[in-house]
Each structure stands twice: as C-alpha cells, then as structure tokens.
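Quick notes on the structure that follows.
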Amino acid sequence: MLLETKQPDILPSPLGQVVAEYWIEGGTAIAYSVKAGQYIQILDVEGCQCSDLVAFAGEQYQEEIDPTVTRTLNGLSMPIAGLHGKYFSQKMQPMLEVIQDTCNRHDSFLLACTARYYEDLGYPGHPSCSDNFNQVLQPYGIAPRPGWSAINFFYNTAVEETGVIAGGEAWSRPGDYVLLRAQRDLLCANSSCADDIDPVNGWNPTPILIRVYEAEADIPRAIGRRASATAPLRLTQPSAFTPQIQQLTNNLVEYNGFWVPNSFTNHGIQDEYWALRERAVLLDLSALRKFDVTGKDAFSLLQLAFSRDVSKLKVGQSAYGCLLNPHGGIVDDGIVFCLGELHYRYVGNCDSDAEWLTRVATQQSFEVEIQPCSHLLHNLAIQGPLSRQILRSLTHFDPQFAPLTIDDLPYFHFATGTVANIPVLISRTGYTGELGYELFVHPDHGIALWDALMTAGAPVGLQPMGMLALDRARIEAGLLAAGREFDDLTSPYQAGIGWAVAMKKPDFIGKAALEKIREHPPRVTVGLVLEGNEVAAGGQCVHPSGERWRVGTITSAAFSPILNRSIALAQITPEYAEPGTVLEVGFVDGMVRRVRATVGTLAAYDPTKSRVRS
Amino acid sequence: MSNPSVHTNLLWDIAGIDGLQVMKTLFGDGCDRIAPFQSFETELDHTPCSILRLCESNFRIRWLGEPNDLESMLHSVTKDQRVWVKQFPWLVSVQLPHDLDIVQLSQIAIAKPPFSLPSLASNCAAPARIETLSVLVWRHTLQTSETLELHTAKHSLETLEQSLSMQRSSLLEAIAL
C-alpha cells in the first residue's frame, strides 16, 4: 500500500546507439558486462532514487574500483564530471570516467547500504544494496561481502566539516542521469537502492534504468544545470572560442554552464597574471548572460529593477549595478547597456535574471520584451595596458560612433563596429582592474576573432588567461564575485557597492529596505592586507586584536604578486571598518594561529582606478 | 517449556514524512511520547495491539486482530498522507515461550551497544545478534501478559529456532540439576 505515487516522467531520449538496456526494479540489483569505451547511462526514472555501482576488471574480476585510490588521485572527495572525473582501481588504473551528470549531488563514495544499517534500526532481514550485489555477483564467482564500496549515485549524503556523515532526500529529478565511460572491459553491478526507511529515496524505492551505448558514440562532456525550479535542464556548453582554447590547454572546468580554461599549458597562473598587468591577455567570458530589454517600458523596467539611475545613460553608455529584491538583497550584479531609447541590454551572470525581470514587468504591467541573447553573443575580454594598442589597428567603429576611436572611447562606453573586419560590440569594461575592452561577437565569428586578436597581439606578448589568474586579479581590484561577496541576502552596502545604488531615484525595488540598511549595514566589505605571506581562505573569521569574538569573515583572498602581499576581501562590522584598523584573521580553528591584518581600501591594487581609466 | 510461536502476518510497518501524524491519529498522543525502540500497548477498534517506534517517523504495529480490518483502518487515515504501510514479506515475529526470560535470552543473544539485554526494560526493544543472526528483541506487554518477541528475517528462522532449541535444552538440564 503505497500512498504517495510518483508518475514516471518522460525519459530523456537516448544519447547514442543503445547496445543494451536494463531495467532495475526498486530495491533490486543487476549485473552486466560492458566493453572498454562503451558508455553507461544510469537513469533515475522517477527521481529521488539512489543507485549504487560496483565494477570489476580482469579475467577473474579481481580488480575493482577503490574509493581511497579514486579520492586520492582526483584530489576530491568524489569525482566530478569533467576532465578529471574518473574512478580508479586499487592498482590505480582508470575504470570509469564521468562524462555527463545532470544531478550534481551524489554521495561521498562510501558503502552501499548494508544489512547492518537496517538491523541497527530494527529491520533485521531488510534487503540491502550490498546483499543484492552479493546475489547478482555470486554467479561470477565473486565472494560475498557484508558491505560493498560502491559509487553511490544520486545518494544525498555528505561528510560535514566535523567529519559527521549527514544524509537527506536525494536531489535527483525524474530523468536525471549520470553517464560514464568504461575505460576497460568491465563487469558492473547496479542497484536501485532498497532503502525505504528514511528519506534518501523519498521513502519509496523506484526503478533505475541502465542504457549502454556503443563505444563509437560521440557524447560530449557536460554537467546539467537548472537555472530555476521550472527551467529546463541545460548541459554545459563550449563557447565560440573553446575550439581555439582547447588547442592551448586541456585544463577546462565547468563554470556557470560553460567550459572555461583554468590556466594554459606552459603558462599558468603567475605567467598569465603578469601578462595581464604588464602586457595584455585574452579571456573567454562567454558564460556571462545577456538579455535584450526592448519596448515602450524598457527604461521603466530597468529603472525599477536595476540599482543605478538608468535615466543618466545615453546611447553608447553603460553602467555597473545590481538587480535587487524587495529586502535589498542582490539578485545579481551586471551591466546595463543603453542601445537606444527603447532598447537596453543587461549583461549579468544568471539565466534566471530574465525570469526575474519578466516577473517584475508582469507585476507592473509593463509593455516590454525580455529576450535572452546569450546564444547570439559570445564575448572575449582583452585586458591589460597594451590592449588598446592591439585593438587600434584592427578596429573600425560604425558611422554613428565614428567621432570616437578606440583611443578615446571612454570608460563604461561602448560602440559597434568591426575588429579585423568581424562585426563586434566593443565595450570599455572589464573585470581585472586594468585598462581593457570586452568584445561581443556572434558565435559564428568567434574563432576568427580569437585568431585575429592572438595574431595581432603576438608581437607585444598577448597571452590567453584562465580563470585562476582572473580570480587573483579581481580580488586585487576589489571586484565582487557572486557567492563570495554577495548573494540574495547581501545588500549592496554590505557587499561594498553602496556607490552603485542610486538612492535619489524616486523608487526602485528594495529602496525602502536599503534606506534603513544604509544607516547601519550589519557588515561592510573592506580590503585587508595581511602580515606575512600566508593566504587566508574564504570563511575564515576576523577578530579584533587579542579578542576571541568575531567581527567578520573573509570572503575572498589571494597573494598579490604586484603588491607582494597577502590580501583579502572581508565583510566586517562597521565599527571595525575604519582604514588602518588592525584586526586578526583566524587560521586553522581561529584560535591556534592569528595573523594580523590591516583594514585598507576595497581595491588593494590601484584603488583610484587610474589604470582602468587611463 | 513450550515452543516459540512464529507469526508471519502480525506485523505492520508504517513510515514516511507523515508517519508520526498518522500514528497519532490512529493511536493517540502516546505515539509521540515514546522514543525510538520504546513501545506501548493500546487498543484499536477494541482490538489490542502494541506500538513500537523505530525511528522518528517509523513505527511497527503488532496487531492481534484481523489483518484486513487494520488494513482498511490504515487506508482511511493514510489517504493523502506521505507514508507507506507495509507487511514486510521477509520479516517474521517469533514469540518466545513464557519460561524463557530476558536473562536467559541474553545468554545467547548479544545486544548492540548501547543496548543491554539483561537490563532491557518492559516496552523496550533492542537490536541484537544470536550467533550470526540479526534479531530485534522486543520486550512488551500483550493482553496484560509479559511477552518476549523476536523479529527476524524469514530466512533466518530455521537457524534461530535451532539456537533457541539448544538454549532450551541447556535450560532444562540446568533445571534437572
């Protein structure tokens, strides 16, 4: 008698030529063989259902996946989808590689559930994944075990900071899947977890579907993300520049739905950083989300939803600010471009920004169209003191911007035109604290633009730069990162961008709350310069000198090569935010070791922004 | 000494997010007063039953009436509730003879710490092992009579009965001496 019935959703279409398909009823397990190179798709049919996997190689199945080796070689508590998401055997041989993952929340590679777990809770004899594995592996001569080390997909358990293992309802939705690629001929066993006595399977074991695809299938690596509760699943994408980037590095990571380079082969974080500060670098920032806001009420919508005074923007101007919620929290930060009296463009970080703007527009009955255009505009940033020099010979502005040239395009202004005869929108903005430009281009022209810039910049030492060096540069420049310096519980006054709130506007979302918060924000963002070379970590606590109690936390930290100092961004109580105040950053547990730090400007490097304005 | 009686259809398990609320509706606030591995005796529709709590929201009902009666009553209160109600086909209840007390049982059964069988109070349960077999030992009152009950997997039953038989033989020898 099951009183909560989940209806199976429509299963996702096969990803390639299916060579075998296995249905695993809830609470059971199966064993099956795959050949090296074949893909194994583990589908959660109804959602919220864990599936454990064990795999064996060798003629006698003597070699099996090993959690300790896997964790150690990956440097992660569990493998992730991407270039390093592999499971290894005790002999350190790769067994399975993660190719796609649409759930992103799995177990920490512990044990499959065991009879002992159920016995301890008063269910002697309850089926367990380990016992189910014993049954299906017995015909292959594999000796039974009371508990199998297994890959626990969709199993929502985690090891907390204290070492405690916590669990909860699985996050997988109907049709979510993990796609693995066999690195060797394998015997696999998969379960549909039998646990119905706690929330991990939603109290109700449901089926798991296994699809095996032929080795010749060409399935890209990807992670599935959902921008909001109702948004469709979106798999990681390459940008228009990824083919060129992949010729220079294979250190790509998933970032906000795109594959982006962490660093480049034979260069690395230091080299790329100094190229930015001394010459010029090229960055792929296509993961930014772009939305065209058009119509009679386009201005009214942005004036209501965006923190800056949009009425001050003329065509060709842009402004950095944030979208706010009614309690003054930052929904997202971004830049509004004024493309025309009835045409604006918002460039931010989240697909859900469009959903938010649409909701505001609907509530206000605005006549406005919000059109995502991220798929039509990928963007490169060319940043560094020589960026203008590189662009100079390549750039031609359209007639309406012709009075301007690349040499006198002001900060936070943009123009349309061509670079190396490729149509682009050129914006004098960036995220590095250096003079620089962002180039928005149709993806069809992405490769040509990359090649043209790299060729033109080669004589002066232009290099590509990855995300690791970018993070260091933006911390030096005191620039915010979503999830670090702000979220939707953080006001602009706490995040350090109170200057980006136009309180003189008649009204905007969050104004009433911000009027109160502005008087005394619970914390304010400051820059810290630490004594010594040790780099702080996000989340470490900040204390007054000699005191145990806290006045704030570190949000981001890095070693600044150009300052030769350890620096950090921190959010601290206003009483301790005065420049020159000496505080202490707590290392280890906050008590064992304290490092003195002095409150300074938010941007430790070039606080007057003289370089970006040059 | 009489033989243990084995029952395969007297136990009903109920679990889920709304498990406690359903139990309170059926059996009263007493369900909320007991901790996991504690139990109490009550009546439902004038039929005696015992309620054992296993987790925050998981309960086991020992029902002495017609199974169909309980099933229909459970149906009536679990509608629209996020719970399941099952009779596990692999789980059996073994009611030990009255002349085998908890002290004697503790000579062959080892409770999992922090539980202790010799000190197991009435209306309490404890997970334990008899040799390699896993059992749940439940000491409770059933129709005013003190009962010692074991829950175990059906496939363990034969071995369990052998172990209990050996215990009984030892006991008889001890009495004869």
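When the other protein chains are added to the chain by itself, burial of at least 40 square angstrom of heavy-atom accessible area (probe 1.4 Å, ligands and nucleic acids ignored) affects these residues of the range A:123-149: A:TYR123, A:PRO124, A:GLY125. Once the chain from A:ASP398 to A:LYS609 is taken as fully extended at 0.36 nm per residue, the excess over their C-alpha distance is 73.1 nm.
Label sites at A:ASN421 and A:GLU278, each approximated as a point 7 angstrom past Cα along Cα to Cβ, lie 3.5 nm apart. Only protein atoms count toward the accessible area here, which uses a 1.4 Å probe; on the protein assembly as shown, the carbon and sulfur part of that area reaches 52 percent. Looking at the range A:352-444, the GluC sites (Glu not before Pro) that sit in a DSSP loop and have at most 16 other Cβ atoms within 10 Å of their own Cβ are A:GLU367.
Computed from backbone phi with θ = phi - 60° and the Karplus coefficients 6.51, -1.76 and 1.60, the 3J(HN,Hα) list for the range A:213-230 is 10, 5, 5, 6, 4, 10, 10, x, 6, 6, 10, x, 10, 10, 5, 8, 4, 9 Hz; x is used for glycine and proline. Over the residues of chain A, the helix contribution to mean residue ellipticity at 222 nm works out to -4500 deg cm²/dmol, using -39500 (n - 2.57) for each DSSP H run of at least 4. In order along the range A:363-371, the phi-based Karplus estimate (6.51 cos²θ - 1.76 cosθ + 1.60, θ = phi - 60°) of 3J(HN,Hα) comes to 4, 8, 6, 6, 8, 7, 10, 10, 10 Hz; Gly and Pro are listed as x.
Descending by average beta-carbon neighbour count within 10 Å, the peptides A:445-458, A:543-556 line up as A:445-458, A:543-556, the highest first. For the pair A:GLN93 and A:THR405, the difference between a 0.36 nm per residue extended length and the Cα-Cα distance amounts to 106.6 nm.
Annotation for the range B:29-101 versus the range A:389-438: alpha-carbon center distance of 75 Å.
Overall, the protein assembly as shown carries a charge dipole of about 2440 debye about its Cα centre when +1 sits on the Cβ of Lys and Arg and -1 on the Cβ of Asp and Glu, all other atoms neutral. Mean separation of Cα pairs under 8 Å and 6 or more residues apart, divided by the residue count, gives chain B a relative contact order of 23 percent. I'd like the residues of the range A:190-222 whose 1.4 Å-probe accessible area shrinks by no less than 50 Å² going from the isolated chain to the full set of protein chains. The answer is A:ASP196, A:TRP203.
Note down the magnitude of the dipole of the range A:531-578 about its Cα centre, charges +1 on Lys and Arg C-beta and -1 on Asp and Glu C-beta and zero elsewhere, to the nearest 20 debye. Computed about the Cα centre, the dipole is about 120 debye.
Each stretch of four or more DSSP H residues adds -39500 (n - 2.57); spread over every residue of chain B, this sum gives -8000 deg cm²/dmol at 222 nm. A cut-off of 5 Å between modelled amide H atoms, ignoring neighbours fewer than 5 places along the same chain, links A:SER560 with A:ARG565, A:SER566, A:ILE567. Rolling a 1.4 angstrom probe over the protein heavy atoms with all chains in place gives the protein assembly as shown an accessible area of 42 Å² per residue. When the Kirkwood hydrodynamic radius is evaluated over all pairs of different C-alpha atoms of the range A:303-398, what value in angstrom, to one decimal, is obtained? One over the average 1/r among Cα pairs gives 15.3 Å for the range A:303-398.
The trypsin sites (Lys or Arg not before Pro) of the range A:469-541 that DSSP puts in a loop, and whose beta carbon has at most 10 other beta carbons within 10 Å, are A:LYS504.
The stretch between A:ALA537 and A:ASP218 holds 110.9 nm of extra length on full extension. This uses 0.36 nm per residue minus the Cα-Cα distance. At a Förster radius of 56 Å, what calculated FRET efficiency corresponds to the Cβ-Cβ distance of B:SER116 and A:ASP507, to the nearest 0.05? For B:SER116 and A:ASP507, the calculated efficiency is 0.25. Chain A against chain B buries an accessible area of about 2000 Å², both chains summed, 1.4 Å probe radius. For the range A:56-156, the residue among A:LEU111, A:GLY122, A:ALA57 whose Cα projects farthest onto the positive side of the dipole built from Cβ charges is A:LEU111.
A convex hull fitted to the Cα coordinates of chain B yields 114 cubic angstrom per residue. Loop-resident GluC sites (Glu not before Pro) (DSSP state other than H, G, I, E or B) in the range B:17-115 with no more than 15 further Cβ atoms inside 10 Å of their Cβ: B:GLU56. Separation of the range A:318-382 from the range A:523-583 is 33 Å, based on Cα centroids. Work out the FRET efficiency for B:CYS55 and B:SER76 from their Cβ-Cβ distance, taking R0 = 30 Å, and round it to the nearest 0.05. Here the calculated transfer efficiency is 0.80. On the beta carbon distance between A:ARG596 and B:LEU64, with R0 = 51 Å, the FRET formula returns roughly 0.10. Scanning residues 5 or more positions from A:GLY436 or on other chains, those with amide H under 5 Å from its amide H are A:GLY384, with H placed 1.01 Å from N in the peptide plane. What is the percent of Cα-Cα separations in the range B:26-87 that go past 14 Å? Result for the distance tail: 57 percent. Taking a ≥ b ≥ c as the square roots of the eigenvalues of the alpha carbon gyration tensor, the range A:40-143 is oblate, as a/c is not under 1.5 and a/b does not beat b/c. Peptide B:45-55 has a mean of 1 when you count, residue by residue, the C-beta atoms of other protein chains within 10 Å of its C-beta.
The phi torsions of the range B:54-59, fed into the Karplus equation with coefficients 6.51, -1.76 and 1.60 and a -60° offset, translate into couplings of 10, 9, 3, 10, 10, 9 Hz, rounded to whole numbers, with Gly and Pro shown as x.
The values are calculated or read from the model by the stated rules, or taken from the named source; none is laboratory data. Computed from a prediction, not measured in an experiment: that's the story for all the values here. All Cβ positions, glycine included, derive from the backbone under ideal geometry; neighbour counts span all protein chains shown. These area figures cover heavy atoms from the full protein model, side chains too; ligands, DNA and RNA do not enter into them. Shrake-Rupley method; radii C 1.70, N 1.55, O 1.52, S 1.80 Å.
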